[in-house]
1. Leaving out ligands and nucleic acids, and using a 1.4 Å probe, what accessible area per residue does the chain come to in Å²?
2. Out of [x] 16.5; [y] 18.2; [z] 14.0, which label holds the value of mean projected area of the Cα convex hull in nm² that was computed here?
3. Taking the full set of protein chains and a 1.4 angstrom probe, give the accessible area of M134 in square angstrom, rounded to the nearest 10.
4. How much FRET efficiency would the formula 1/(1 + (r/R0)^6) give for E182 and H6, where r is the Cβ-Cβ distance and R0 is 35 Å, rounded to 0.05?
5. Treat each spin label as a single point 7 Å out from the Cα along the C-beta direction, and report the E276 to K71 distance in nm.
6. Please compute, for the alpha-carbon atoms of region 2-54, the extent along each of the three principal axes and give them in descending order in Å.
7. Within region 1-51, what whole-number % of the accessible surface is contributed by carbon and sulfur, with the 1.4 Å probe and all protein chains included in the calculation?
8. Placing +1 at every Lys and Arg Cβ and -1 at every Asp and Glu Cβ, with all other atoms neutral, what dipole size does the chain have around its Cα centre, in debye to the nearest 20?
Amino acid sequence: MEKYKHHIVETGGHTFHIVSAGQEDGELVLLLHGFPEFWYGFRHQINALARAGYRVIVPDQRGYNQSDKPKDIKAYTLDVLRDDCVAFIKAFGRKQAYLIGHDWGGAVAWHLAASKPEVVKKLVAINIPHPADMRVALKKHPLQLFRSAYMLFFQVPHAPEKLLAARDFAYLEAGMTKTANERAFTKAELRHYKLAWRQPGALKGMLNWYRAIRFQGVDRKTEIDLPVSVPTRIIWGANDLFLSKALAQASLKRCSNGDAVLVDGATHWLYHEHPEIVNHLMLEHLQKQKKRLWPV
């Protein structure tokens, strides 16, 4: 395992915990985790990227683990989360970075690549559609709305925090283990997650990402319906119980220079289930211009 360094970065009046690895003079790669993870979820990818010569940084995004957890729900809109990422890149002395994101982290990655392409060299989105396609799916496709019903419950104040914390985070644990392939998460690994979930204010901060959805576009300051010009690869587990693979195909149409890879038998958590496959596809995209056809 690579040796990790831990950093505290201050930006926008908040402090963020960031893990780094790899060669300090290597090209920068920014990894963005989703719900309900934290930097640790990308450990297999961190090691692979570091061994390939990259400088890898992985923040606990705002609301998570050891980073600050603002109470204001509007502090979790896509523009704010995007600007955090720009600040992280600058904090490590760079103007650009390769961008890899999963779940909510992938939504932020899409938004950054679309709205500030000058900051992004290439994008890898893992089981997450372009935010505009997610919005369309929730409005027009009843099956996707059914799959995402938990997002509606998360809008309720207080009750979701109590449910998620009950019985030693049994609901959160089941939300990962019951939707993943067998042995995707070990008991030892889940103990790391529970330590992160126990951080003061963490559950509320994590849920505020969902609660901020109602502010997206309301003030017309956040434009999410944007094409993506940077080289993009979408990696998608075919058996994702949360998100339809049709969303990947829709998102690919927004990319002027993109490809997509469908991984059969994998779920929403494919980078835990098949890290060697994901790492190969990830590095292939970062290092080459070769395109793949959907599906593979």
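The values are calculated or read from the model by the stated rules, or taken from the named source; none is laboratory data. None of the values given here were measured: they were computed from a predicted structure. Positions of Cβ are generated from backbone atoms using ideal geometry, with glycine treated the same way; all protein chains shown enter the neighbour counts. In case anyone asks, the SASA skips ligands and DNA or RNA and just uses the protein heavy atoms, side chains included. Shrake-Rupley method; radii C 1.70, N 1.55, O 1.52, S 1.80 Å.
1. Values: 12920 Å² over 296 residues.
On a per-residue basis, the chain sits at 44 Å².
2. The calculated read-out lines up with [z].
3. Its heavy atoms expose roughly 30 Å² to the probe.
4. Working: r = 32 Å, r/R0 = 0.92.
Calculated transfer efficiency: 0.60.
5. Distance between the two pseudo-spin positions: 5.0 nm.
6. Each principal axis gives a Cα extent; for region 2-54 these are 34, 26, 17 Å.
7. Numbers: 990 of 2130 Å².
Its accessible area is 47 percent carbon and sulfur atoms.
8. Numbers: 41 positive and 29 negative charges, 69 e Å.
I would put it at about 340 debye.
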